[in-house]
Amino acid sequence: MNRPAFDLSAAAGTIRAWLTEADRVLVTAGAGLSAAAGYDYGDEDRFRELFPALHRAGLRSRYMVGVPLPPALLWGYWAVHIDDIRFSDAPNPLYRRLRALVGDKDHWVMTSNVDGLFARSGFAPDRIFTPQGDYGRYQCATPCTPTTWDSRPLVARLLAAYDPATGAVTDPDALPRCPNCGGEAEINVRTGPGFVDTPYVPAARRLQDWLGTAPADTRLLVLEFGAGFSTPGVIRWPGEHLTRRFPRARLVRVNPTHPGTPAELADRALPVPVDAHRLLDALAAPHPAPNPTPF
C-alpha cells in the first residue's frame, strides 16, 4: 500500500495553529538541527578540509568517540573541531529563524547539542538545558573535582601549537592537564561515567520547576528537531513522556529520517519528515489565517 504524500503546507498550517494556541513551548533538539544549520558531523568534504592529516589516515567524519589517537593528534582534532563549531561569535541563521518562530511565547530549550548555537542565536542562556555537556568547558578526566573550566583559552593555546600538515599539537606543554590535580583532562561532554554534570544541574532544576509548576491543563507544545535514536533517552523519549503527561500537550517531530510518533498520541502528535530548513521555509510562506483547533 502506498502512503499518501506528505503535505508540508498543511503541516505548516497545523504548526502555526498549535503555536498560536500554546501556553508554553519546549524546543528540543538533537544533532539533526545543527546538521541542518551547517554543522553536519558526517560531512566528509568538510572533514577533509579541516582535518587533512586525519583524512589521509583513513578517518572520514567527526564522530570520533572511541577512536584511539595519541594525545597530540587527539587534542589537535579537538582544538580545530571546537574552534569551528563552538567559538564563532556570529549567530546562526537557522537558529535565529527558530528563535523568531517561538517569538514571545513562554519557552525553554532542551538539547543534546553541545555547540552553544541556541545561546549564540538569541535564546536566553538561563533557559537552555544541555544535559550532554558543552564544548565550552573542560574537566579532569578522573575526575578529581566537580569543577570545570572555560575551554576557550585552552583551545587558543592548542591552536597556537597546531600543525595542519600533521594534524598534531607540536608543543607537549600545550597539551591540557587538570588545573586541580595535574592529571589528564578532557572536554566536558558526556562520553562515559566520569562526565561532570555540575554546570548543568541548575538549568535542569529550573526546567523541572517550569514544568512542575505548570497547571495540568497547560497547552504545552513540544517542538522537536533532529532527535533520532542515537541517544533517544535524552531528547526523543522525554518529549513523548511530556506529551503524555499533559493531556492538552502536543508534539511536533521534525526529522527527515525518523519522524514517527507514538500511535497512542494520535492527533496530538505531528510527524514532519523534512529538515528544519524546509519546515521553516514553509512556515514563512504566505498563508491564510488559521482556523482555531480544539485541544
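The values are calculated or read from the model by the stated rules, or taken from the named source; none is laboratory data. Given the structure is predicted, the values throughout are model-derived calculations rather than measurements. When we count neighbours, we look across all protein chains shown, and the Cβ atoms used for this are built from the backbone with ideal geometry, even at glycine. With ligands, DNA and RNA removed, areas are computed over all heavy atoms of the protein, side chains included. Shrake-Rupley method; radii C 1.70, N 1.55, O 1.52, S 1.80 Å.
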* **Which of Pro146, Thr170, Pro70, positive extreme of dipole for the chain (C-beta unit charges)** => Pro146
* Simple label model, 7 Å out from Cα along Cβ direction - Val201 to Arg152, nm -> 2.6 nm
* Normalised by the number of residues in the chain, what is the relative contact order in percent for Cα pairs under 8 Å and 6+ residues apart? -> 25 percent
* Asked: Taking a probe of 1.4 Å, how large is the accessible area per residue of the chain, in Å²?
  -> 48 Å²
* Asked: Over the range 14-140, what percent of the accessible surface lies on carbon and sulfur atoms, probe 1.4 Å?
  -> 53 percent
* Asked: In nanometres, what is the gap between the two model label sites at Ala285 and Leu265, each 7 Å from Cα along Cα-to-Cβ?
  -> 2.4 nm
* Asked: Based on the Cβ-Cβ distance of Ala5 and Asp106, what FRET efficiency does E = 1/(1 + (r/R0)^6) give at R0 = 45 Å, to the nearest 0.05?
  -> 0.80
* Provide the packing ranking of 174-186, 209-221, 267-279, i.e. peptides ordered by the mean count of other C-beta atoms within 10 Å per residue, highest first. => 267-279, 174-186, 209-221
* How much net charge surrounds Pro262 when only the other residues with a Cβ under 9 Å from the Cβ of Pro262 are counted, with Lys and Arg +1 and Asp and Glu -1? -> -1
* Asked: Sorted by mean Cβ packing within 10 Å, highest first, what order do the peptides 156-165, 103-112 take?
  -> 103-112, 156-165
* Range of Cα positions in the range 127-261 per principal axis (Å), largest first -> 58, 33, 22
* Using the Cβ atoms and a cut-off under 14 Å, what net charge is assigned to the surroundings of Arg245, where Lys and Arg are +1 and Asp and Glu are -1? -> +3
* Asked: For labels at Thr145 and Asn180 in the simple 7 Å Cα→Cβ model, what's the distance in nm?
  -> 0.6 nm
* To do: Pop out the ³J(HN,Hα) list for the range 101-115 in order, Karplus 6.51 cos²θ - 1.76 cosθ + 1.60 with θ = phi - 60°, rounded to Hz; leave Gly and Pro as x.
  => 4, 5, x, 9, 5, 5, 9, 9, 10, 10, 9, 7, 6, 10, 9
* To do: Go ahead and run the numbers for FRET between Arg56 and Leu211, Cβ-Cβ distance against an R0 of 51 Å, rounding to 0.05.
  => 0.55
* Percent of C-alpha pairs per 5 Å bin, the range 12-284, short to long -> 1, 5, 12, 16, 17, 15, 12, 9, 6, 4, 2, 0
* What dipole magnitude, in Debye to the nearest 20, does the chain give about its Cα centre under +1 on Lys/Arg Cβ and -1 on Asp/Glu Cβ? -> 600 debye
* **Of Ala22, Gly133, Ser230, farthest towards positive along the dipole that unit charges on Lys, Arg, Asp, Glu beta carbons give the range 12-284** => Ala22
* Roughly speaking, what is the centre-to-centre gap between the range 192-227 and the range 17-63 when only Cα atoms are used, to the nearest Å? -> 22 Å
* Accessible-area value, Ser61, 1.4 Å probe, nucleic acids and ligands omitted, Å² -> 30 Å²
* Write down the Kirkwood hydrodynamic radius of the range 116-190, to one decimal in angstroms, obtained as one divided by the mean of 1/r over all alpha carbon pairs. => 13.9 Å
